[in-house]
Every structure is written in C-alpha cells, then in structure tokens.
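These notes concern the structure reproduced below.
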C-alpha cells in the first residue's frame, strides 16, 4: 500500500528513542498517522512540528497497518507562529480539535481546506478568531452534525435570525426566540455568512460550536474539549479579541 | 528457549529498558558484566544502589543531587537575582556544561501538551511563581525548547508571571554556531532575521 500527498502535521508522539508517530491532516486520507523513522533527529524535529505543511509518502504492507511516512518539508509555518502567543494558541487549539474530533482515515477534504485557510490567517489577529469559529462549524457539518442556520425552525423566516436552539441546532428568529432567549444560544451574524463582525460575535460563535461539538462529537466518545481550546479562549479574552 | 537462566534474562530485560540499549546490546552488556564481576558488575550494582538511596530531587529547583538544596541552589557564588527555567534536568546539565549561566535554575519537569494531557497542574509551576515573587529575583529566563509545546509553555509561564516585578526573557533563536543558511529551516531563518542586530 502506498500513497503520496500533502498534509498538515497535527500531532507528534515520540516512539522509541529515534522515531516518532506523526498524525497529519490530509486532503485525501483525512487524519492519518504513520511512523517516521528518525523523526526525533536534529534535522527532522523542526519539520515535525504541529502546523507545518509537508509532503507525505505513506507505505505499509497492509492497509490496516500503521505504516511509515517519508516526510519532506513544504511550508514550515510553526516556526513563524511560535513567537506570537495568540497565533500559537489558535494553532494548538485547531490541531488538538482536529486530532480529537476527526475519525482516523476518513476523508474530510473541506475540513482540510478550511484548516489551510485558518493556518494561513493565523498571523492576522483581527481575522483568524472568526475563521476559527467557521472552521469548527465546518468540522461539525462535515462530521454530519451541521447546524441549520438558513431559516428559522419556528417560523421558517430567513431574516433576523438571532438564536440557535440548543436542542435541534437550528436557527431561530429574534421574535420567535424572544420568550426562550435565556435558554437559546446566540447566533453571530458572521456564522450566517454575513461579512461583518460585531463585538461579542467571536465569543458567541465559540460558545455555539463548543456546545454542539461537546454534545454531539466528544461526549458520546467519552471525551472532553481539549485544554488547548480553553487556553485559546482565555488568551483571546485577554487580548480583547472576542 | 533461552540458553540463559531466568536471572540473566531478567538482567537483560532490565538493561534493555535503558536508552540506547536494545535487547541485543543489553545481552552484550550483561555478558560483559558477568565476565567482569569484580571490576564492573559489583561496583556498578553498589553505585546504582547508592544513587537510588541518596539522590533526590531538590525541593527548591527540582535538580537531582544527594543534598537538598542541591549544589547549584546552595552555591553562594551564584546570582540569586536570575532564575533560568528549563524543561528537564538534562537541559539544566546541558546549560551547566556550556558554563554560560551563573544564576539559579528551576526545572519544570515537562511542558504543556494538549495531546499527552499534560496541564499546568502537572508541572513544577507553583514553586516557580513563589520563587519569582521573592524580592531578590529580578529576571526569569525561559530556556525552553523551540518547539510548539515548549513555546506554548513559555507563553503560559510569562502570562502567569506578568503581574510580578520581574523581567521575563527567552533564549534567542537564530543561526547556530557552524550553521549554514542553506540548511536552516524557514522558521529558524525567520527568527534569525527578526532578531538581527547591528554588526
């Protein structure tokens, strides 16, 4: 068995003294792990950092084997993001979420493409938090738990959508949601595809995606949201980016 | 079936757990020791037992030594005003080998790792904050690895120490001694450019 293609490294675990098990997010093979022999060497360590884009060649005798990766550097973004604490927190959160939420070897091309957009935007703190929220929304949708934000679940209205029902994951317009607004989740305008961002929108978006990812993806598998995501939210709060 | 008895097999098994030794090299080491019982094996066993009994982690910095506080913490010639934070005792030893630092150390015992479930409570952080609060301390150097996990930890610690009256610094990143630009990765080159200084 063999395939070649690009991938973003999302996790690296040491294996023995010299090798590493690398988890990469790939466009054609989803979250895919493989052994990198000599992955802990001085030359390979800078390449095998989460967030770096690499060219991968995976080989194994049988498809169900872990297999071995041959890795060539492509876009080494991690080194450039390391000094920016906000960007690094976003990178950590995205890698941890991808590693935790995506099933292994299941193709999620849209998630990969959005991940690429997110990584390339991480240097712009005005932009990436909203992209991150959209990426998590896309992650939910690609896993089959997408939110229906096109029309109101109660009235069918397509305008003035202000809330999301925590039960159904469907949008609710401001008028129909008013009596239940304490129990509803706020729907930020940019999640509906609007091109503007209001104060508090990113925070509302992060709460919205966290709510559904926890309940629909993580809790059934007895998992919790990663600490890296909580740290990112904290850091965004400190930097007044929410 | 093995030609060696269970005692020798156990010795080989234990040796093969050490870094740098696989089952074959552990077998060779065991054989060598058995052939040189009086000159190698017994002194080694005594040294191991003595080290296991006497060496402990320093309650101040986390270094390994027979005394608590350790030799570094109790050395009066060292500068009390500067604390260098390192990930492991191995990093402390590497800095001591270089002889470039004459202050105090603090060993974290790891770095934050979302994947491995290492959180702030798993690190030797509370005592670092306590030490940094002391009036004597003026600077905390975060000498952590230039990896995503290492730098995440460095940012986390600098946030925790931000409200204390200490300077927080990190090690420089750039072209290593003897390094050729052609062979450097993009991240190191970018960091080197950002940290350029007047010639």
* To do: Could you work out the mean projected area of the convex hull around the alpha carbons of the stretch B:1-138, in square nanometres to one decimal?
  => 12.2
* Structure fact -> If each part is reduced to its alpha-carbon centroid, the stretch A:1-77 and the stretch A:114-193 end up apart, in Å, by 33
* Structure fact -> Fewest to most Cβ atoms within 10 Å: B:34, A:35, B:142 sort as B:34, A:35, B:142
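Count the DSSP beta bridges whose two residues both fall in the protein assembly as shown, then state the antiparallel fraction as a percent rounded to the nearest 5.
70
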* To do: Enter the Cα centre distance for the pair the stretch B:12-29 and the stretch B:122-199, rounded to the nearest angstrom.
  => 37
* With the convex hull built on the Cα atoms of the stretch B:64-198, state its orientation-averaged projected area in nm². => 10.2
* Asked: Angle between the Cα long axis of helix A:227-238 and the longest principal axis of chain A, 0 to 90 degrees, nearest 10?
  -> 60
* Asked: Other chains' Cβ within 10 Å of B:157-167 residues: what's the mean?
  -> 1
* Average beta-carbon neighbours from other chains, 10 Å sphere, peptide A:72-80 -> 4
* How crowded by other chains is B:136-146, given as the mean number of beta carbons from other chains within 10 Å of each beta carbon? -> 1
* Report, in degrees rounded to the nearest 10, the 0 to 90 angle that the Cα long axis of helix A:128-142 makes with the longest principal axis of chain A. => 90
* In what order do A:83, A:198, A:2 fall by count of nearby beta-carbon atoms within 10 Å, going from fewest to most? -> A:2, A:198, A:83
* Whole-Å semi-axes of the stretch A:2-77's equivalent ellipsoid, largest first, each the root of 5 times a Cα gyration tensor eigenvalue? -> 17, 15, 10
* Classify the stretch A:161-242: rounded, prolate or oblate, from the alpha-carbon gyration tensor (a ≥ b ≥ c, eigenvalue square roots; a/c under 1.5 rounded; otherwise prolate if a/b is larger than b/c)? -> oblate
* Relative to the longest principal axis of chain A, what angle (0 to 90°, nearest 10) does the C-alpha long axis of helix A:109-121 take? -> 90
* **Footprinting exposure proxy for A:191, A:82, A:44 (fewest neighbouring C-beta atoms within 10 Å first)** => A:44, A:191, A:82
* Over all directions, average the projected area of the Cα convex hull of the stretch B:6-54 and note it in nm². => 3.6
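Bear in mind that the values in this text are calculations on the coordinates, not laboratory data. Note that the coordinates shown come from a computational prediction; the quantities given were computed from them, not determined experimentally. As a convention, Cβ positions derive from the backbone with ideal geometry for all residues, glycine included, and neighbour counts pool all protein chains shown.
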